[in-house]
Amino acid sequence: MEFLQFLSWACIVFTVGMFSTGLTDLKKMRASKSADNVQFLPFLTTCLNNLGWLYYGILKTDGTLVLVNTIGACLQSLYILSYCHYTNDKRRVTSQTLLAGGVVCGGWLYFSVLLPQGESQLAQLGLTCSLFTISMYLSPLADLMEIVRTGSVERLSFSLTVATFLTSTSWTLYGLQLQDYYIMILSSAVRLDGECRCTAISRFQTRQAL
């Protein structure tokens, strides 16, 4: 098996595994018949992220990106629908979902209609997806600060931290092999060390202290 093919399968397995951690929240909602202790925005923003990278994969004709983000978008849609079913705050959830839908439609209109097809279209889409992904993965730093402040590890999932570490590593190597800097930005080593490793170490040390 060629190294690129091996990395492709690693990206698929680790990323789908990371997306599947949301099944824990789904199980929690079904058991309690409530969405009170589950956050909605991570499902919504991850779905937007999946749709953006799915479009990038289609334009780039990259089967790995297409497969991973198709599965991811389907899983996030399932989580969103389940949350909408169990939440009591349906007005807020509906408004946020409609706003996200407007963002998707506006993005599709800009990248598909207004921009000419070619390298410029692919470059702008890749940059947009990369920046959005970075902003998404910076959000756990707020949870990390909360862990330090309160001494509680309930706000973060250790399994999600490990899955994110493995996923980011595989995508970084995959992007390096393809010489695609947008995929490399998707999971840069700097962000890995600053977010995933620090979060994992802090969780372990906090557990030991408790």
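The values are calculated or read from the model by the stated rules, or taken from the named source; none is laboratory data. Note that the coordinates shown come from a computational prediction; the quantities given were computed from them, not determined experimentally. Counting neighbours? That spans all protein chains shown, and the Cβs are built from the backbone with ideal geometry, glycine included. What goes into the accessible areas is simple: the full protein's heavy atoms, side chains included, and nothing from ligands, DNA or RNA. Shrake-Rupley method; radii C 1.70, N 1.55, O 1.52, S 1.80 Å.
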**OP:** Considering only region 1-51, state which residues are in contact (Cβ under 8 Å) with a residue 12 or more places away in the chain, β-branched (Val, Ile, Thr) and closer than 18 Å to LEU166 by Cβ.
**Re:** ILE12, THR15, VAL16, THR21, THR24, THR46
**OP:** Determine whether region 77-84 contains at least one residue that is part of a loop (DSSP other than H, G, I, E, B) and modelled with pLDDT under 95.
**Re:** no
Original post:
Based on what the data block shows, is ALA10 part of a helix (DSSP H, G or I) and farther than 30 Å from GLN177 by Cβ?
Top reply: no
Original post:
Taking region 63-77 only, how many residues are surrounded by fewer than 19 Cβ atoms within 10 Å (Cβ to Cβ) and under 21 Å from SER8 (Cβ atoms)?
Top reply: 6
Original post:
Can you find a residue in region 116-130 that is surrounded by 13 or more Cβ atoms within 10 Å (Cβ to Cβ), under 18 Å from the mean Cα position of the chain (by Cα) and without any contact (Cβ under 8 Å) to a residue 60 or more places away in the chain?
Top reply: yes
**OP:** Just give me the residues in region 33-42 being modelled with pLDDT under 90 and either open to solvent by 40 Å² or more (accessible area, probe 1.4 Å) or part of a helix (DSSP H, G or I) (or both), in sequence order.
**Re:** ASP36, ASN37, GLN39, LEU41, PRO42
Subject >> Unmet requirement for GLY57, which otherwise passes all of (1) surrounded by 13 or more Cβ atoms within 10 Å (Cβ to Cβ); (2) over 24 Å from GLN117 (Cα atoms); (3) free of Cβ contacts under 8 Å to residues at least 24 places away in the same chain >> reply: (2)
**OP:** Within region 18-32, track down each residue that is open to solvent by 10 Å² or more (accessible area, probe 1.4 Å) and of a type outside the set (Gly, Ala, Ser).
**Re:** MET18, PHE19, THR21, LEU23, THR24, ASP25, LEU26, LYS27, LYS28, ARG30
Subject >> Those residues of region 60-84 which are within 21 Å of LEU98 (Cα to Cα), free of Cβ contacts under 8 Å to residues at least 24 places away in the same chain and not polar (S, T, N, Q), in sequence order >> reply: CYS74, LEU81, CYS84
